[in-house]
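First the structure, in the form of structure tokens, and then the observations on it.
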Amino acid sequence: MMNDDVIKKRPPTIILIEPQLGENIGMVARAMLNCGLTDLRLVAPRDGWPSAEAVATSANAETVIENVRVYQKTKDAIADIDTLYATTARLRDMTKRVVTARQGAKELVQKISSGSRCGLLFGREAKGLKNEDVVLADTILTIPLNPEFTSLNLAQAVFCVAYEWFQAHDQTPAEELNIPKHTKPANKRELIGLFEHFEKSLDDSGFLQISEKRPNMVRNLRNMWQRAQLTEQEIRTLRGVITSIVRFTPPKD
């Protein structure tokens with residue numbers, strides 16, 4: 001479930017500086033659409049545009065591919081951007097604020113909600129961004145990784161940042177129960193009815209015959225049923241199972 005307030009405004013723009021391979025551009029488009037981003041801009045793509053290779057690797061992300069805008073200079077691609085983040089893993093010889101992808105994503109949500117147009121700058125596959133591009137950004141954004149190996153391909157880098165943005169404004173519950181429409185979660189009356197029915201059958205069978213152990217065993221059994229998050233239909237089925245077992249259990253000798 002998405003935060004409508006953010007979605008109605010412009011999500012971040014992805015700007016690729018001199019991308020080399022059409023296949024990489026296509027995979028970037030796929031990664032973007034996974035995370036709800038559609039505005040992709042290219043600055044001087046090495047093999048030109050449009051690109052059949054990009055289409056082939058985009059996995060049908062036509063919404064992104066068909067609306068790509070191409071520029072010859074970075075300054076033109078970012079002309080309408082209010083806040084620009086430059087993604088890089090390398091230290092730069094310049095004084096500039098640095099944030100992680102997660103922190104940057106939180107800031108993007110806040111800025112976009114207030115009406116700002118934001119962009120994310122990504123460099124060439126082989127060497128990343130030049131200092132002349134980084135200096136145009138307000139903030140450097142970095143992806144914390146294994147310090148012994150920080151290498152990412154272009155689509156991976158875009159996906160990492162785009163996913164953090166998606167997560168920062170996504171409102172999907174971390175955990176939810178998928179219950180079919182024809183039933184609903186069992187209420188406490190139904191659960192207690194199951195508890196008592198089940199415990200009576202255990203009393204009758206002699207399973208709970210040791211009186212000093214019975215309270216603790218009953219608590220454990222009830223906790224087990226509670227963790228199951230049963231629906232009303234499942235309660236009915238279980239009670240039917242218990243009734244059937246009790247009815248057709250042959251008497252002891």
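Would you mind stating whether Glu234 is surrounded by 11 or more Cβ atoms within 10 Å (Cβ to Cβ) and at pLDDT 90 or above? Considered against the rule, which asks whether it is surrounded by 11 or more Cβ atoms within 10 Å (Cβ to Cβ) and at pLDDT 90 or above, Glu234 comes out as yes.
I want to confirm something. Restricting to the range 198-215 and keeping residues that are polar (S, T, N, Q) and either within 14 Å of Ile245 (Cβ to Cβ) or surrounded by 13 or more Cβ atoms within 10 Å (Cβ to Cβ) (or both), which single residue is nearest to the chain's Cα centre (by Cα)?
So the residue we want is Ser201.
When the residues of the range 21-45 are filtered to those that are part of a helix (DSSP H, G or I) and of a type in the set (S, T, N, Q), the one that is farthest from Gly119 (Cα to Cα) is Asn24. At least 2 residues being in contact with a Cys (Cβ under 8 Å, 6 or more places away or on another chain) is the threshold, and among the helices (runs of 4 or more DSSP H) wholly inside the range 95-212 those reaching it are 101-113, 154-169. The single condition among (1) crowded, with 17+ Cβ neighbours inside 10 Å; (2) modelled with pLDDT under 95 that Met2 does not meet is (1).
Just one of the listed residues (Phe159, Phe195) is among the hydrophobic types (A, V, I, L, M, F, W, C), modelled with pLDDT of 90 or more, surrounded by 10 or more Cβ atoms within 10 Å (Cβ to Cβ) and outside the structural domain of Lys127 (by TED's automatic domain parsing), and it is Phe195.
Listed conditions (1) out of contact with any helix residue (DSSP H, G or I) (no Cβ under 8 Å at 6 or more places or on another chain); (2) without any contact (Cβ under 8 Å) to a residue 40 or more places away in the chain are all met by Ile78, apart from (2).
Name the one entry in Gly115, Gly123, Gly119 that is at positive phi and of a type outside the set (Asp, Glu).
Gly115
The residues of the range 144-154 that are out of contact with any Asp or Glu (no Cβ under 9 Å at 6 or more places or on another chain) and surrounded by 15 or more Cβ atoms within 10 Å (Cβ to Cβ) amount to a single one, Leu152.
Of all residues in the range 162-186, exactly one satisfies the criterion of being at pLDDT below 85 and crowded, with 17+ Cβ neighbours inside 10 Å, namely His169.
Among the residues of the range 101-115, those that are surrounded by 14 or more Cβ atoms within 10 Å (Cβ to Cβ) and touching a residue at least 40 places away in the same chain (Cβ under 8 Å) comprise Ala101, Arg102, Gly104, Ala105, Lys106, Leu108, Val109, Ile112, Ser113.
The values are calculated or read from the model by the stated rules, or taken from the named source; none is laboratory data. The structure presented is a predicted model; accordingly, all values stated were derived computationally and were not measured. Positions of Cβ are backbone-derived with ideal geometry, glycine not excepted, and every protein chain shown enters the neighbour counts.
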